[in-house]
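Peer 1: Okay, handing you the structure first.
Every read-out reported here was derived from the displayed coordinates using simple, explicitly stated rules and does not represent laboratory data. This structure is a prediction, so every number in the text was calculated from the model and none was measured. Reconstructed Cβ throughout: ideal geometry from the backbone, glycine too, with neighbour counts over all protein chains shown.
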Amino acid sequence: MSERLKKLIDEQNTLWNRMQEIQSAGEAEGRDWTAEERTNWDAAEARLTEVSGDIDRLNRAAHLNSIDRGQIVTTTGDQDDRREGGDDRKKRYADAFGLYMRGGMDRLSVEQRLLLADGQVDMRAMGANVDTAGGYLVPDEFRGTMTEAMKAYGGLLNLATVIPTSTGADLSWPTNDDTGNEGEILGENQQAGEQDVQLGGRKLKAFTYSSKTVRVALTLLQDSAFSLDTWLPKKLGERIGRRAARSFITGTGVDQPEGITTNVTVGKTGANGQTTSIIYDDLVDLEHSVDSAYRANAKYLMGDTALKVIRKLKDGQQRPLWVPIPAPGFPATINGFEYALDNGMPAPAANAKSLVFGDIAAGYLIRQVLDVQMMRLTERYADYLQVGFLGFARFDGMVDDTQAIRAYAHSAT
């Protein structure tokens, strides 16, 4: 943790304590705040907003910088490694792929071309209607950097249960809701009753997401100081992450993932007039709309606009619901629950589901295909002295346990 971040956290807590002292003084004496106290409170609250924003920015910058320094550890599960031959073969594949990125196929030896050909993917087989030239599988480190960049732009990807698969074949997934059933008390010599578990089934597909083309100048590709193998996957991952994050939140489920807000049960609807506002009582009702069995692991999911509204809320004792970071390593909370930001979430508006609360790991499922492809477009931008790179990743998502999550919906009027 940087010294600047430590200082900001200390200042945040100092401001928070100052605001609590102002509040406590008025309550202890049973009086309204003085003009000076109001001025001091407003100034402290304004500065607290600035400091909290800087903390969020520094944390995000540290996360993304760690990708540049190669500190990301990829934990993508057991992948079916088609490039058999162990670590040495993987390293040679990565070296060949890096040379291919900078110089194209002309720079590769026959052995290196064969290595890439072993990992070549005909994009037509995916029904993606892209260039029939196909693409090449990216090395594990490249894919890991892309994945971390995607997580930085979609908070839901960090909370949901992610199933990594090595191929894009349809994945059958069992579904069941047995929460309304319970056991029984048996009397002496009484036969046990019967009640079957009703199982359903759905399929997780693999929808293709494109980064759109990222153009890089030939002069940069020829410059060995330019870290193409970290810069490029970050850019591809950021673009794919932004688009995938929106699908995971509001996707229709038709030829795309089913978003977490699409068919979620609404646990609380705001009263008339609350088209952009949220009140304390609504949050309490929303929390208790989720069965207590799920609340131990529950978190809030929202966009930054909704967080701004909630940060201004206070409970019955005029204590803000939002609690800043108490110390390094501890998360900020809302009403005692952690929260995550995902700007794919709808902003507060009429009928909008701006909050999701519950055990999101149990409630939402993401399927991620680990075979990530990239294409190098040499001739298309030759007259610009540029080379285009196009990344592809495949995902699907759906609500898994419908009882684990609930949404807050604003009023229609």
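Peer 1: At most 15 other Cβ atoms within 10 Å plus a DSSP loop assignment makes a site exposed; report the longest stretch of the chain without any exposed GluC sites (Glu not before Pro).
Peer 2: Longest site-free region, per DSSP loop and neighbour criteria: 195-378.
Peer 1: A further question on this structure: Hey, fewest Cβ within 10 Å first, where do Tyr300, Tyr209, Tyr280 land in order?
Peer 2: Fewest to most other Cβ atoms nearby, the residues stand as Tyr280, Tyr209, Tyr300.
Peer 1: Cut-off 10 angstrom, C-alpha nodes, Gaussian network model of the chain. Which of Leu204, Leu221, Leu236 fluctuates the most?
Peer 2: Comparing Leu204, Leu221, Leu236 in a Gaussian network model of the chain, the most mobile one is Leu221.
Peer 1: Then there is this: Can you check what the net charge comes to around Gln222, using other residues whose Cβ is under 13 Å from the Cβ of Gln222 (Lys, Arg +1; Asp, Glu -1)?
Peer 2: Once all neighbours under 13 Å are counted, the net charge is +1.
Peer 1: Further question on the same structure: Grab the beta carbon distance between Gln190 and Asn59, set R0 = 60 Å, and tell me the FRET efficiency rounded to 0.05.
Peer 2: About 0.50, to the nearest 0.05.
Peer 1: Long-range amide H contacts for Thr333: which residues qualify at under 5 Å (H placed 1.01 Å from N, peptide plane, sequence gap of 5 or more or a different chain)?
Peer 2: Those qualifying (amide H under 5 Å, at least 5 residues apart or on another chain) are Val323.
Peer 1: Starting at the first residue of segment 143-148, write each ³J(HN,Hα) from the Karplus equation 6.51 cos²θ - 1.76 cosθ + 1.60 with θ = phi - 60°, in whole Hz, x for Gly and Pro.
Peer 2: Rounded to whole hertz, the list is 5, x, 5, 4, 4, 5.
Peer 1: Same structure again: Considering only Lys353, Lys308, Lys268, give the residue with the highest GNM mean-square fluctuation for the chain, with springs between Cα atoms whenever their separation is below 10 Å.
Peer 2: For the chain, modelled as a Gaussian network with Cα springs under 10 Å, the answer is Lys308.
Peer 1: Excluding same-chain pairs closer than 8 in sequence, count the lysine pairs in segment 179-334 whose Cα atoms lie under 24 Å apart.
Peer 2: 9
Peer 1: Treat the count of other C-beta atoms within 10 Å as a stand-in for reagent exposure and order His288, His410 from fewest to most.
Peer 2: Sorted ascending by nearby Cβ count, the order is His288, His410.
Peer 1: For the chain, set up a Gaussian network in which alpha carbons nearer than 10 Å are linked by springs, and say which option among Gly270, Gly391, Gly336 fluctuates the most.
Peer 2: Comparing Gly270, Gly391, Gly336 in a Gaussian network model of the chain, the most mobile one is Gly336.
Peer 1: Can I ask one more? Test of understanding: what is the full-extension gain from Ala271 to Arg89, defined as 0.36 nm times their sequence separation minus their Cα-Cα distance?
Peer 2: Extra length from Ala271 to Arg89 when fully extended: 59.3 nm.
Peer 1: Can you put Phe142, Phe337, Phe248 in order, fewest other beta carbons within 10 Å first?
Peer 2: Working: Phe142 24, Phe337 17, Phe248 27.
By the 10 Å Cβ count, ascending: Phe337, Phe142, Phe248.
Peer 1: Using label points projected 7 Å from each Cα along Cα→Cβ, tell me how many nm separate Thr305 and Asn17, to one decimal.
Peer 2: It works out to 3.7 nm between the two label points.
Peer 1: Between Ala169 and Lys314, what's the calculated FRET efficiency when r is the beta-carbon distance and R0 is 45 Å? Round to 0.05.
Peer 2: About 0.30, to the nearest 0.05.
Peer 1: Quick check of the Kirkwood formula: for the chain, what is the inverse mean of 1/r over all pairs of different Cα atoms, in Å?
Peer 2: Across the chain, the inverse of the average 1/r is 24.4 Å.
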